[in-house]
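Working notes, beginning with the structure itself.
The values are calculated or read from the model by the stated rules, or taken from the named source; none is laboratory data. Not measured: the values here are computed from a predicted model. Using ideal geometry, Cβ is built from the backbone for each residue, glycine included, and neighbour counts are taken over all protein chains shown.
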Amino acid sequence: MLKVLKIIVLVAVALTVFGFVTEHLWNWLMPAIFGLKTISFAQGLGLVVLSKILLGGFHKHAGGGPRGWKRGMEDRWARMSPEERERFRAGMKGRRDCGWGPGGGPWGARGDVPSAETGRGEGSI
């Protein structure tokens, strides 16, 4: 219960700070640069929420970045037995642009293994 209360307070403080900063940045820059009207705190808060919806969404942020799935797949591939790997290749065979076709591996159609220095295979650009 105490943890939930802390989260609620933290979110309220963060929204207040971001709303305040947005309002003051808008009122400092936008009228001078673009000749727009000044905004209130509530409008600044609305801009924060709107930008979060349009640009960031309200999803849980999983680590790993855009290539996190690749690292996870490479780890999974390393733990697979030869029979599991063959079964996976057979299931992926015929799929378009997946890099798991004939002679392929987890690093592309030629099966290039990433080098230790660059993390890329021999055929990489």
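Some notes on this structure:
- Applying the criterion of being part of a helix (DSSP H, G or I) and basic (Lys, Arg) to the residues of segment 46-83, the residue that is modelled with the highest pLDDT is Arg79.
- Filter pass, Lys3 being at negative phi, outside any helix (DSSP H, G or I) and among the charged types (D, E, K, R): no
- Pick from segment 8-34, criterion over 9 Å from Gly44 (Cα atoms) and surrounded by 14 or more Cβ atoms within 10 Å (Cβ to Cβ), ranking: nearest to the chain's Cα centre (by Cα): Leu15
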